[in-house]
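Asker: I am attaching a structure below and will ask some questions about it afterwards.
Read-outs throughout are calculated quantities, based only on the coordinates presented, and are distinct from any laboratory measurement. Predicted model, so just to flag it, every value in this text is computed and none were measured. With ideal geometry, Cβ positions are generated from the backbone for all residues, glycine too; neighbour counts draw on all protein chains shown.
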Amino acid sequence: EDKVVQSPLSLVVHEGDTVTLNCSYEVTNFRSLLWYKQEKKAPTFLFMLTSSGIEKKSGRLSSILDKKELFSILNITATQTGDSAVYLCAVTNAGGTSYGKLTFGQGTILTVHP
Amino acid sequence: DGGITQSPKYLFRKEGQNVTLSCEQNLNHDAMYWYRQDPGQGLRLIYYSQIVNDFQKGDIAEGYSVSREKKESFPLTVTSAQKNPTAFYLCASNPDTGRRNQPQHFGDGTRLSIL
């Protein structure tokens, strides 16, 4: 059974701090790892990672994947109150009838105080 | 604008009642998914469909049913057999998973509560 574990489960920081969110996974047939940000409603897509060691970057957010050690990190620099959200990590399975299935972690609740 | 529309946003169910949650997409996506989100548990997959007239059970399908008669629609029925239906339900879709590795995109969700 595919499994995704995120840590920490919650994190409280002040504006301007840098945070690192962790995601480790076990999947029978890995295709990709995805990060989403969820505020009140729909999760919004941040990154999709398929190759080890290649950093993906969008503004103050960046992410990298290590397929040997089976984990990914999401970094947010110079945090702002608008970064407060639940950050979800998920892996996609590439095998058989599970093709395209997403397995999610529990999420990390990030709270950024002014 | 293209997107995924879920309705209603809030739904209340009496004990023993079946309810149906709507999910419609105009993105021409082949694959559609239903997830359930409970506090502290992330998203769990209920059912998914990779093509019209076909669907597969996810990890927590018991007490739920779906249909996929049209490409753009994937309704979820929460039956009376689902003993703990109070949750936030999210629908997602993405293009043909066979040829393109694309992320899933989500609707705004339906919050279901038991009266």
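Asker: Work out the charge dipole of chain A with +1 on the Cβ of Lys and Arg and -1 on the Cβ of Asp and Glu about the Cα centre, then indicate which of A:Tyr87, A:Leu61, A:Leu49 is farthest towards its positive end.
Answerer: Result: A:Leu49.
Asker: Restricting things to Cα coordinates, could you compute the convex hull volume per residue of region A:14-105 in Å³?
Answerer: For region A:14-105, the hull spanned by Cα atoms encloses 92 Å³ per residue.
Asker: GNM, chain B, Cα, under 10 Å: largest mean-square fluctuation among B:Gly16, B:Gly63, B:Gly40?
Answerer: B:Gly40
Asker: Once you charge only the Cβ atoms, +1 for Lys and Arg and -1 for Asp and Glu, what is the size of the charge dipole of chain B about its Cα centre, to the nearest 20 debye?
Answerer: 200 debye
Asker: Now for a different question. Expressed as a whole number of Å, what is the distance separating the alpha-carbon centroids of region A:36-114 and region B:41-115?
Answerer: 21 Å
Asker: Placing unit charges on C-beta atoms (Lys and Arg positive, Asp and Glu negative, everything else neutral), compute the dipole magnitude of the protein assembly as shown about its Cα centre in debye, rounded to 20.
Answerer: In debye, rounded to 20, the protein assembly as shown gives about 220.
Asker: Could you tell me how many cubic angstrom of Cα convex hull volume chain B has per residue?
Answerer: So the per-residue hull volume is 100 Å³.
Asker: Please report the antiparallel percentage of DSSP beta bridges with both residues in chain A, rounded to the nearest 5.
Answerer: Antiparallel: roughly 90 percent of the beta bridges in chain A.
Asker: Between B:Asp108 and residues 5 or more places away or on another chain, which pairs have amide H atoms under 5 Å apart, with H built 1.01 Å from N, and which residues are they?
Answerer: Hits under the 5 Å cutoff: B:Gln6.
Asker: While we're here: Under 8 Å for C-alpha pairs, at least 6 residues apart: give me the relative contact order for chain B, rounded to a whole percent.
Answerer: On the way: 294 pairs, mean separation 40.1, N = 115.
The value is 35 percent.
Asker: Students often get this wrong, so check it: of A:Lys57/B:Lys71; A:Lys68/A:Lys101; A:Lys101/B:Lys14, which have C-alpha atoms separated by over 24 Å?
Answerer: A:Lys57/B:Lys71; A:Lys101/B:Lys14
Asker: Using θ = phi - 60° and the Karplus relation 6.51 cos²θ - 1.76 cosθ + 1.60, list the HN-Hα couplings for region B:105-112 in order, rounded to whole Hz, with x at every Gly or Pro.
Answerer: Listing the rounded values in order: 10, 10, x, 7, x, 10, 9, 9 Hz.
Asker: Here's another thing I want to ask about it. Specify which residue in the list B:Asn94, A:Thr18, A:Val112 is farthest towards the positive end of the charge dipole of the protein assembly as shown, using unit charges on the beta carbon of Lys, Arg (+1) and Asp, Glu (-1), about the Cα centre.
Answerer: The listed residue farthest towards the positive side: B:Asn94.
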